[in-house]
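*Asks:* This is the structure I want to talk about, given as structure tokens.
The values are calculated or read from the model by the stated rules, or taken from the named source; none is laboratory data. Quantities reported herein were computed from a predicted structural model and do not represent experimental measurements. With ideal geometry, Cβ positions are generated from the backbone for all residues, glycine too; neighbour counts draw on all protein chains shown. These accessible areas exclude ligands, DNA and RNA; they are computed on the full protein's heavy atoms, side chains included. Shrake-Rupley method; radii C 1.70, N 1.55, O 1.52, S 1.80 Å.
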Amino acid sequence: MAAASYAHDACRPAGERWIEPVLFGTGFVPVHPNAAGEAGMAARTAEVLNLP
């Protein structure tokens, strides 16, 4: 996931990050994937597994 998540770190703006920061995040669970992160990881997993 390192390559897939590059430039989506917690320091990025809300529309770009995949991980919520410790402070001032938009999610309820800091330092965990947000919806965009979950979707991005799922897409990469499907790609690696050759799933449609």
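*Asks:* From the list ALA10, ALA4, ALA14, ALA46, exactly one residue is surrounded by 11 or more Cβ atoms within 10 Å (Cβ to Cβ) and outside any loop (DSSP other than H, G, I, E, B). Which is it? Break it down into steps so the answer makes sense when it comes.
*Replies:* Numbers: ALA10 fails: outside any loop (DSSP other than H, G, I, E, B); ALA4 fails: outside any loop (DSSP other than H, G, I, E, B); ALA14 fails: outside any loop (DSSP other than H, G, I, E, B).
Of the residues listed, the single one that is surrounded by 11 or more Cβ atoms within 10 Å (Cβ to Cβ) and outside any loop (DSSP other than H, G, I, E, B) is ALA46.
*Asks:* Of the conditions (1) open to solvent by less than 90 Å² (accessible area, probe 1.4 Å); (2) on the phi > 0 side of the Ramachandran plot; (3) hydrophobic (A, V, I, L, M, F, W, C), PHE24 clears all except one; give me its number.
*Replies:* (1)
*Asks:* Between residues in the range 11-32 that are within 19 Å of MET1 (Cβ to Cβ) and residues that are assigned to a loop (DSSP other than H, G, I, E, B) and of a type in the set (Val, Ile, Thr), which pairs lie under 7 Å by C-beta distance while being six or more apart or on different chains?
*Replies:* Going by the 7 Å Cβ cut-off, the qualifying pairs are ILE19/VAL31; GLU20/THR26; GLU20/VAL29; GLU20/VAL31; PRO30/VAL22; VAL31/VAL22.
*Asks:* Read through the list (1) in contact (Cβ under 8 Å) with a residue 12 or more places away in the chain; (2) assigned to a loop (DSSP other than H, G, I, E, B); (3) open to solvent by less than 60 Å² (accessible area, probe 1.4 Å), then give the number of the only condition that MET41 fails.
*Replies:* Result: MET41 fails condition (2) only.
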